[in-house]
Every structure is written in C-alpha cells, then in structure tokens.
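The block underneath contains the structure these notes are about, expressed in structure tokens.
The values are calculated or read from the model by the stated rules, or taken from the named source; none is laboratory data. Computed from a predicted structure; not experimentally measured. Glycine also receives a Cβ, built like all others from the backbone with ideal geometry; neighbour counts cover every protein chain displayed.
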Amino acid sequence: MNVSYLNDDFFSRLETCALNLKRELSGFFGGKHLVRTYGQTVEFADYREYMLGDDIRRIDWNLFSRFEKYFLKLFTDERQMHTQIYLDCSASMGKINPQKAAYATAFAAALGFLSVHNMDKLSFRLLRGNRAEDPYGLIVGKTPFFRTVSMFDKIDFEEDADLENAIVGSEVSQGNGLSVIISDFFTESNWKKAVDYLSYKKRQVLLIQVLAPEERDPSYSGRVNLIDSEAADSLDERNMKVRITRGMQQAYEEALNDYIEDMSSFCASRGAGFISVSTDKPIEKAIFGELLKTGILE
C-alpha cells in the first residue's frame, strides 16, 4: 500500500474533535466520557435525599442546617470506553486500488486516534476469511497507537472476508464502547447478522462503507472481461466476459443506490450509524463532514 493519508497534519486536525457515544454504556472507571449514572468526580451534578445505607460522608451539612433534612451531594461519573475497529482486508478493499485501502485505513486511524485522545482503550481487528485477527493487541495511549498505525502500510488486502462469522466469532466486550466496521460491504456474507450481534452485546455500532469512484459510477462500455479481485483463479465463475450497455449501467446504478439505502435503513432500525464515502472525496471532508452528520463526532 503505497498511498497514505497518515501524517502529523492529519492527526493534529483531529485533536479538536471528540467521539460522542450516545448509547447507555457502562465502560470502565477513569475515562473522559460522561455517563448518566453518578460517580466520584469533582464536578457537582445534583442533590438527593439521604436513604438508609448511603455514605454519610457525602451529606451536605449546610443544607441540613437550613432544611433540617439530610441531602447527599451527587457528582458526575466519567468512564473509559473500548473502541473496537473492524477493518475488511479482502482483496476488493485494496489489492487493485491502493487508494481505497489507504482511505479505509485513514478512517480506522482517525477513529482510533480520537479514542486514545479521549483516554479510551482501542483494538484494531483485521477481517480475513472467517477470522478477526488481532495483531496489535489492546492499545492504551498515543505512543502505542502511533507505533501501531506506522505498521498499517504493511497490511495485505487479499482473498475475501466473511464479515458475519469473523465478527460473531471474535471476542466482543459487553456494553462498554463503540464498534466500527469499515468495508465496501460487497460480500455474500450476511453482515446484518454481525450488526445484530454487536447490538446484542450492547455496543454502539458504526458502519463505514468505502467505495472507489469506478464502483459508484463505472464508465465501462463495449465488451470487457470482468475479473473478481477475490476470485481464487481465472476459471472462477465470478469472472465473466460481458458486453456493457447503457441499460446495464443504469441497472447497476439503481441496484447500488438501493443497496446503500437498504444499509442505511437497516442501520437506523438497529440504532447504528452509517455513512457511505467515495475515495475521490477529500479525506478531511469525509471524516469531518460525514461523521459529524452521524452524531458520532463532535
């Protein structure tokens, strides 16, 4: 992968942003995400009446002297979340088009940076076949994060990826953060079951579809050989010789739009975020524009 968007300027522009996790998540103590429960931070939140068994050290004696009732001071609770990013490493994601791979890894790195910048835990899972590989381990802090992204140019995009079985078969933590799937979603695998599984695990879910311009608007005409980048060999039934007509192009465009609309509707029904981006759009506009629309970025 010779193309890369990852540099100091790229990450410095992200420092003013933060991840906005909207689901009711538990997380771990010691992070920066405010949750609805009350905790032990120094920021005052509210009062409530004392109940038998409460910690008497939290009683506000000034209020007692005024109202002759016991009230407890309540403080905000901040938690550390765990971001899990699943990157589709199938051949269609970059074997022929290095820019598509670079675009996908840039999104993964951006969301990963926002996570460690907010003191969250981070995991990158590489989807290959029916496996979700975890070559980098749990990442906490910017130093191990930058060490990890420096190895992104060594990621191989080959063969295919079974999104359903790879994700469902992976270790998924319960209710403590964000799960992101980055793929073109051109797969026979039932990716919807993967989304349902992550939702069942009470994760906040975000799907990022990355497409090349020629996938959104193919300009082929006449007789062409269509070669599937994930086909095992030249005799694979997915490879074919066809004559491309204007009618076929229109049918493809309609089918793609219907597929994207179906993805968007399905994600909305599950409370998941979804964006579809093209690699001919500047990466900054895709990240700061499209992610802001989902509400995941603030």
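In this structure, residue 290 does satisfy being among the acidic types (Asp, Glu) and surrounded by 19 or more Cβ atoms within 10 Å (Cβ to Cβ).
Within the range 170-185, being within 22 Å of residue 104 (Cβ to Cβ) and not charged (D, E, K, R) holds for 170, 172, 177, 178, 179, 180, 181, 182, 183, 185.
Consider residue 177 carefully, then state whether it is modelled with pLDDT under 90 and closer than 30 Å to residue 8 by Cβ. For residue 177, the condition - modelled with pLDDT under 90 and closer than 30 Å to residue 8 by Cβ - is met. Quick one: residue 116 ticks every box in (1) crowded, with 17+ Cβ neighbours inside 10 Å; (2) closer than 16 Å to residue 86 by Cβ bar one, so which box is it? Exception for residue 116: condition (2). For the condition in contact with a Leu (Cβ under 7 Å, 6 or more places away or on another chain) and in the same structural domain as residue 15 (by TED's automatic domain parsing), residue 106 qualifies.
Of the helices (runs of 4 or more DSSP H) contained entirely in the range 186-298, those carrying at least 2 residues that are acidic (Asp, Glu), modelled with pLDDT of 75 or more and farther than 22 Å from residue 106 by Cβ fall at 246-269.
Pairs please, first residue from the range 175-204 and of a type in the set (Lys, Arg), second anywhere and part of a helix (DSSP H, G or I), Cβ atoms under 7 Å, 6+ apart in sequence or on different chains. These pairs meet every condition: 192/266; 193/164; 193/168. Taking the range 120-146 as the range and being surrounded by fewer than 21 Cβ atoms within 10 Å (Cβ to Cβ) and assigned to a loop (DSSP other than H, G, I, E, B) as the test, the residues that pass are 130, 134, 135, 136, 137, 138, 140, 141.
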